[in-house]
Each structure stands twice: as structure tokens, then as C-alpha cells.
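**Q** Next up is a structure, given as C-alpha cells.
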Amino acid sequence: MFKLMIKRILLPIVAGMFQIVGCDPTVIPDDPDEGTKKIVGTLEVEFRVPASYLPANRVVRADLSIAKTAEELYKGHFYQVANVYNSKLVYTFDLPPGNYYYQAGIVCLASGDSCSAAGFPGGKYGMKWAIGTATVVEDETVHVTPQFTR
Amino acid sequence: MVAVLLMAGSYSCSTEFDINADNLETPIVYCILNTSDTIQYVRLQKTYLIDQAALEYPPHPDSMVFPGEIVVTMERLQDNVVLETYRFQPTTDIKKDTGFFPTEKHVLYMAKAVIKPNSVYRLYIYLGSKEKVVYAQTSSLGKLTVVDPLNLSIRKISLYNGSNFTCRWEPVEDAGLYQVVVRFRYNETRNGITTPKFINWSQDYITPGTSDEYLSKDISGARLAHILDESLVSEAGVVRTVEGIDFQVMSGAVELKYFMESTAPTEGALMEKPVYTNIINGLGVFSTISEVDISGLFLSGVSIDSIAYGQYTRDLGFLDHTGDRDSTNEPLELEEL
């Protein structure tokens, strides 16, 4: 009876304790620098897609990139690149204080000559760009809104 | 009194049982109808019995399949009226993964069938040797619509430490679970020969809420570096270039959800869950999935540079976004990203 008790009750409890204590999986943190305070400010980009006569979702956000200098911006050597979405308007970048250049791109997806008529060079998949600068200050949020030409 | 206890002990504690009980030869059926494919497959095997320790000796291939006549058919129904009938044919085109079980005689049954959304499907398998019909029913899922990523290659994907990507899609009626699979594509050059390769990175399953307008899954940029580190080996002379990234979003019917839950590791030492089945006269799962592939997307230059020079991946031989390993291209602040 005692053996049975050991087998049915105590062993599973001991095994369970080993599971809890001994099998703690190694968790790889997402951010290895987590916990270390960095000196940053925030650049907030309100990425508005300008209104046009084209149907909704025929002109969409395509790119939002940050570079430290104008030269790096033109060369495509970006400091950060945002994942842009149709449904997201405001994008934030945590950056060390300093001056930054940003570029925002929109792309036309309409068929026929609608894109050319709307001022997108090359027709379908033609793009428009807005470029600007922003100065990021420690512990502050600077807000910019890229402006596209018609 | 002692004698009575001894007698009781010797008679009542018998642990004898017949280890050579008859093999029931229970059919095991797996069929996951894919609404995004035109060919459907059924896998049919059976339970087996061997005289040796079952976990040490794999079975003979013949003992895992039914002999004799096997007829696999499927019907599509609407309002209990059969609209279409499909006959499955045996095929050995798809090789079985290596492992404990033998890979030879891996017979699947296939049929050309476009699965209509929101329809009822019935599977019948006639086993001549057992004079038995195995039966199951499922309902196909509706169309899966993925919102993000958009199938737009100009829109670069940024995945690095501090930049995650959010996959979003509209809920599918009657779906029980969802999964996102990220495929990282790269080229590997070894001794002057370049080979395209990929790494599939499956995300955790997602079970839908009751009133979600959209469902989403965050793909961790930091985790990608660990996935590459775990999947690839650093080798002298091997050069790798990042080619791009694909996304596969899948929704599965509720039977799959129940099956996945029943086969998940048990919580607690004393619990043992029975494995879910919806196969009548057998074991296994008959269910449906709907999937959307968004392929041919590119990673942003920052993501490629973080793979080339990042803490966990710098020894894997990846070139940066300019196509070289010149450390002068390495952004000074990369470690901050």
C-alpha cells in the first residue's frame, strides 16, 4: 500500500517539482540591451497619403526611411527603415539626439493611365517622394508631416 | 487474520495482463483539405503490433498499411445533396521524412479537387481487408484575406533588433487557429557554386477571439537574428547573400485546433489528454486549411546590414546591402539598433 502511495502520489509530485525547477527553458530576450538606458529622443512622422481622385487604396505608403545625412539618404544608407502599413498613420523612431533626414514614399497602384494623370511618373507603380529634416532632442518628441507635391 | 490478509494480498494484487492481445489494426487517417491548392491528399495507415520493444524497433513497412482493396472517395454536399464526388488514387510521389518509421512504401492517396469555400465535405475510405468503411466530415473555410504584408515588393520589410513587422489579416468564419510562416530566402556560395536556400520560421499558433475585426501576429526582428544563428553554421569560404522574405498565413478549421490542443504537452504530471479525432471507425483528423502566400518581398538595407554585422549573425558570412563585407559600410551605431 505504501509502495503504491509512493508510486502514484509522491513520484509524480517529485517529478512535477523537477519539471518546474529543473526544466526552466532558456529564454532568449528580444532585446539584449534591455534594461540599459539609452539617450534618445523621438521622431514622430505623421505619414499622410495625400488625397486624389483615385479610388481608396490605389495610392499607398511605400517607404519611410531615416538617414543621418543627405548624402546617406540619397545613397540609400539608412539609419532606420519603418515598416509602413495602409492602416497606420503615425510612425515613431527612437533616435539619439541630432539632425536627421527622412524620406517618405507613396506608390500608385491604379491601372491604365490613372497614375500618370495623378502625377505619378511612369504610370502604375510610379512613386512620389517627400524629403525633409528633423532635429531630435533628448527625451522630447519632434513631430513632422511629409508634404508631397501634386 | 494474518493468513487472510496474506491470501488477499497474493490474489488481489495480480498485475498480469495479456501483452499479446490481438492487433485491432485501427485505421489512422490524416486529410487536410487545402482551399488554396488543386490537389488534395489523404494519408492512410494503421496501428501495428510487434513482438519487440515498440519504441526501439521500427515496424516493417507492410505492417503500417492495409493490404487488399482500398477505395478512397470524397463528396461535396450542399443541403445534404451530393454535388461532386472525387476518387483518390494512390501515389508515392511525395517522399516521407526520415525518422523512426520506415520511409519506403509511403503511399498517399491524391485527387484533383478544388475545395469550394464554406462547403461540407465527406470522406469515405473502404478497407476491403477489414470490410469496413472509415468516415469523416468537415466544412471548408471561407476565403482568407491578408491585409499586411501587402504584395508590394517596393515596400521593404524591416526586421532587426528594435523593428518588428506586424502581419494582419481578416478573421475567417469558423476558423479555429491561424499560423504565420516566414520564409527567409538567401543564396549560399560555396567553392564558386551559388545555391538558393531558405529557412522556414514558423510562428506560434494563434487562436481567434470572438469579436476581432483583424487578427495580427508580430514578427520579431530581434528573434530573426537568433533563428539565423541557430539554423546556419559559420564556415570559412562560404558567402551568403540575403535574397528576400516570404510570408505564408494559414487558417485552420476547428478540428485542427482541437487536434493541436490535444497533442500539445500536458500541463501537470498527472494529466493525460486523449488525442482528438473526428474519424469514425478510426483515428486521425479530417479538416481544412486556407492559406495565402505573399512572396518575393525584400528586406530593407538596414535589416540586411544588421544580419551582416549584427552581434549574433556577423560570423555567418552574409554580405551587407551594398554586396560586400567591408566593415567601413557598417553603420557606427548599428549595435544601438
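**Q** Taking amide H atoms as placed 1.01 Å from N in the peptide plane, list the residues 5 or more away in sequence, or in a different chain, whose amide H sits under 5 Å from that of B:Gly282.
**A** none
**Q** As a footprinting exposure proxy, order B:Trp201, B:Trp169, A:Trp129 by other Cβ within 10 Å, with the fewest listed first. List each step's numbers first, then the result.
**A** Numbers: B:Trp201 18, B:Trp169 21, A:Trp129 13.
If I rank by nearby Cβ atoms, fewest first, I get A:Trp129, B:Trp201, B:Trp169.
**Q** On a 0 to 90° scale, report how tilted helix B:2-12 is relative to the longest principal axis of chain B, with both axes built from alpha carbons and the result rounded to the nearest 10.
**A** 70
**Q** For A:Asp113, B:Asp174, what ranking results if the residue with the fewest other Cβ atoms within 10 Å of its Cβ goes first?
**A** Details: A:Asp113 10, B:Asp174 15.
Ranking A:Asp113, B:Asp174 by Cβ neighbours within 10 Å, fewest first, gives A:Asp113, B:Asp174.
**Q** Assign one of three labels to segment A:41-144, namely rounded, prolate or oblate, based on the Cα gyration tensor with a ≥ b ≥ c the square roots of its eigenvalues; rounded applies when a/c is under 1.5, prolate when it is not and a/b is larger than b/c, and oblate otherwise.
**A** Since a/c reaches 1.5 and a/b is larger than b/c, the shape of segment A:41-144 is classed as prolate.
**Q** Given B:Lys197/B:Lys217; B:Lys46/B:Lys95; B:Lys130/B:Lys273; A:Lys75/B:Lys156; B:Lys112/B:Lys257, which pairs have Cα atoms separated by over 22 Å?
**A** Among B:Lys197/B:Lys217; B:Lys46/B:Lys95; B:Lys130/B:Lys273; A:Lys75/B:Lys156; B:Lys112/B:Lys257, the Cα-Cα distance tops 22 Å for B:Lys197/B:Lys217; B:Lys130/B:Lys273; B:Lys112/B:Lys257.
**Q** Which whole-number value in Å³ per residue fits the convex hull of the alpha carbons of segment B:23-140?
**A** Taking the convex hull of the Cα positions in segment B:23-140, it is 114 Å³ per residue.
**Q** Over chain B, what relative contact order in percent results from Cα pairs under 8 Å that are six or more residues apart?
**A** Details: 705 pairs, mean separation 62.5, N = 337.
Result for chain B is 19 percent.
**Q** Follow-up. In whole Hz, with x marking every Gly and Pro, tabulate ³J(HN,Hα) for segment B:234-242 from phi via Karplus 6.51 cos²θ - 1.76 cosθ + 1.60, θ = phi - 60°.
**A** Values, residue by residue: 6, 9, 5, x, 8, 10, 10, 10, 6 Hz.
**Q** What residues have an amide H closer than 5 Å to that of B:Ser163, excluding those fewer than 5 places away on the same chain, when H is modeled at 1.01 Å from N in the peptide plane?
**A** The list, which skips near neighbours in sequence, is B:Gly221, B:Ala222.
**Q** In nanometres, what is the gap between the two model label sites at B:Glu131 and B:Phe101, each 7 Å from Cα along Cα-to-Cβ?
**A** 2.8
**Q** For B:Ala236 and B:Glu213, what is the calculated FRET efficiency with R₀ set at 56 Å and r taken between the beta-carbons, to the nearest 0.05? Intermediate values should be presented prior to the final figure.
**A** Values: r = 52 Å, r/R0 = 0.92.
Efficiency for this residue pair is about 0.60.
**Q** Shifting gears a bit: What order do you get for B:Met74, A:Met127, B:Met64 when you list them from fewest to most C-beta neighbours inside 10 Å?
**A** Values: B:Met74 24, A:Met127 16, B:Met64 19.
If I rank by nearby Cβ atoms, fewest first, I get A:Met127, B:Met64, B:Met74.
**Q** For segment A:138-144, in order, what is each residue's ³J(HN,Hα) by Karplus, 6.51 cos²θ - 1.76 cosθ + 1.60 with θ = phi - 60°, in whole Hz (x at glycine and Pro)?
**A** Listing the rounded values in order: 3, 6, 10, 10, 9, 10, 10 Hz.
**Q** On full extension of the chain, what length is gained from B:Val275 through B:Asp326, given 0.36 nm per residue of separation minus the C-alpha to C-alpha distance?
**A** 12.9 nm
None of the figures in this text is laboratory data; all of them are computed from the coordinates on show. The model shown is predicted, which means the values in this text are computed figures rather than measured ones. For neighbour counting, all protein chains shown are included, and Cβ atoms are generated from backbone atoms with ideal geometry for every residue, glycine included.
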